[in-house]
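One structure is given here, and the rest of the page talks about it.
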Amino acid sequence: MSNYGDKVIKSLAKSHLDAISAWRKSFVTPYEKDELPELLALSAAADTLWQKHLATTQKLRLETTDALVVWGQEEGFRSQGSGVSEESSSDLRL
């Protein structure tokens with residue numbers, strides 16, 4: 001990531017590349033012990049939001065997806081639709 005070896009780039013933007021290199025080095029430093037509770041809380045919040053997103057996406061797909069009848073399937077397999085239009089389901093989207 002942003003590890004440029006091109007001499008032209010280095011000559012034109014040396015100060016920017018030095019700043020990126022310094023940021024990269026500080027970014028991968030180990031966590032402090034006092035940072036761990038906050039990091040765990042952030043991770044748990046991200047997991048909760050992801051699960052909500054998955055549930056909402058699954059519900060939206062079930063309500064707005066119709067099965068297509070293709071050759072070889074019985075007519076009874078065809079979905080009658082959900083009765084939910086994309087406009088009325090827009091409040092389910094994140």
Cβ-derived FRET efficiency at R0 41 Å, Ala22 paired with Lys52, nearest 0.05: 0.65
Local net charge near Leu12, Cβ-Cβ under 15 Å (Lys/Arg +1, Asp/Glu -1): +1
Cross-link reach list, lysines versus Lys25, counting only Cα pairs under 24 Å and skipping chain neighbours closer than eight places: Lys7, Lys10, Lys14, Lys33
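Each value in this text was obtained by applying a stated rule to the coordinates, not by laboratory testing. These figures come from a predicted structure and were not determined experimentally. Cβ coordinates were reconstructed from backbone atoms using ideal geometry, including for glycine residues, and neighbour counts include every protein chain displayed.
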